[in-house]
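Peer 1: The following block contains the structure, expressed as structure tokens.
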Amino acid sequence: MYHTYLDNRYNEAQVSQMKANDTPSKGHNNFIGDAELQTLQKMIGKINWPEVGGTSKYSGASFNDPEGGILREIFHGPLTNIIGDYKLDFFAWQEAIIPWKIHADLRWYKDQIPYKAVLVPLDVKSDDEAWRDTYTIAFKQRNYLEGNKDSNTGEKGNTDQSTWKRPYDKPGIHYLADGFKISREEHKKYFSHMPYEYLEGLEIDNLYKWEPGGCVVWDQDQLHCADNFLANGITTKQSLIFFTNQA
């Protein structure tokens, strides 16, 4: 399932609707039980990845697809409990290749308003098969696509990071801070897969440590990234991510 990222803008009313539902990123423990986690680990282990990019392997679908019925039964209630009413855009199984740099998950839709993303950690793999510490980091800064050109053209997929600019140099980023609010020590620990200069203007909102059975929620307009898990002896990470629109 490839998504085309159109270079279009949301209008002022749509941006206001997004802002009205923005909340800080939050992690949740005991989101699912051990039995559900084991079921999901078996499911992701059987995937023949249809989309392999430079950053991650993906397999996306909806609740209407065959495996979607299983996921709806497991997740619809828990999702509603933590994010309220929602419309599922799609869910995506993900296996990491390299760490994600700083980005927002926002896609442009003519008649939908993006809402929350919910990431469920499934496995952390290393040479000794230990579940080593790894993190998803959400920032206070936001991107509502106001810097897009409204060209009605776009690219399929979104896993090539080679041309990405640092957030400070991208038009339309909201709430940029003055200078550097993230220390060089934090950069070394979490963000060594990109230059320190990429962190100018950013402030950490949530430093979520992956836990079995947990999840983390962020707004799709919220900037976020992975830590440099490769530097910590992790070979890959597996997760299930739900992308939602406002109900």
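Here, each number is a calculation from the coordinates, and none is a lab measurement. A quick note: this is a predicted structure, and the numbers were derived from the prediction, not measured. In this analysis, Cβ positions are derived from the backbone assuming ideal geometry, glycine residues included, and neighbour counts consider all displayed protein chains.
Peer 1: Can you find even one residue in the range 138-145 that is more than 16 Å from SER25 (Cβ to Cβ) and either surrounded by 14 or more Cβ atoms within 10 Å (Cβ to Cβ) or of a type in the set (S, T, N, Q) (or both)? Spell out how you get there, then give the answer.
Peer 2: Taking the range 138-145 first, the residues more than 16 Å from SER25 (Cβ to Cβ) are 144-145.
Among the residues that remain, those that are also either surrounded by 14 or more Cβ atoms within 10 Å (Cβ to Cβ) or of a type in the set (S, T, N, Q) (or both) are: 144-145.
There is at least one residue in the range 138-145 that is more than 16 Å from SER25 (Cβ to Cβ) and either surrounded by 14 or more Cβ atoms within 10 Å (Cβ to Cβ) or of a type in the set (S, T, N, Q) (or both).
Peer 1: Could you list, in sequence order, all residues of the range 192-209 that are touching a residue at least 40 places away in the same chain (Cβ under 8 Å) and part of a loop (DSSP other than H, G, I, E, B)?
Peer 2: Once the filter is applied, which keeps residues that are touching a residue at least 40 places away in the same chain (Cβ under 8 Å) and part of a loop (DSSP other than H, G, I, E, B), the range 192-209 yields HIS193, MET194, GLY201, LEU202, GLU203.
Peer 1: Is one or more of the residues making up the range 72-82 farther than 18 Å from VAL217 by Cα and part of a helix (DSSP H, G or I)?
Peer 2: The answer is yes; a qualifying residue exists.
Peer 1: Okay, next question. Would you please name the residue that is farthest from ALA247 (Cα to Cα), looking only at residues in the range 21-47 that are out of contact with any Asp or Glu (no Cβ under 6 Å at 6 or more places or on another chain) and small (Gly, Ala, Ser)?
Peer 2: Checked the range 21-47; the qualifying residue farthest from ALA247 (Cα to Cα) is GLY45.
Peer 1: Under 8 Å between Cβ atoms, at least 6 apart or on separate chains: pull out the pairs that start in the range 77-106 with a residue that is without any contact (Cβ under 8 Å) to a residue 24 or more places away in the chain and over 24 Å from THR134 (Cβ atoms) and end on any residue that is among the hydroxyl-bearing types (Ser, Thr, Tyr) and surrounded by fewer than 20 Cβ atoms within 10 Å (Cβ to Cβ).
Peer 2: As it stands, the answer is THR80/TYR86, since those pairs meet every condition given.
Peer 1: Need a quick list: strands (runs of 3 or more DSSP E) entirely within the range 1-64 having at least 1 residues that are touching a residue at least 24 places away in the same chain (Cβ under 8 Å), over 18 Å from ILE113 (Cβ atoms) and among the hydrophobic types (A, V, I, L, M, F, W, C).
Peer 2: Result: 56-61.
Peer 1: Moving on to the next point. Would you point out which residue out of TYR190, TYR208, TYR196 is at negative phi and in contact with a His (Cβ under 6 Å, 6 or more places away or on another chain)?
Peer 2: Details: TYR190 fails: in contact with a His (Cβ under 6 Å, 6 or more places away or on another chain); TYR208 fails: in contact with a His (Cβ under 6 Å, 6 or more places away or on another chain).
TYR196 is the lone residue from the list that is at negative phi and in contact with a His (Cβ under 6 Å, 6 or more places away or on another chain).
Peer 1: Also, quick follow-up: For PRO24, work out the one condition from (1) surrounded by 13 or more Cβ atoms within 10 Å (Cβ to Cβ); (2) within 28 Å of LEU145 (Cβ to Cβ); (3) within 19 Å of the chain's Cα centre (by Cα) it doesn't fulfil.
Peer 2: (1)
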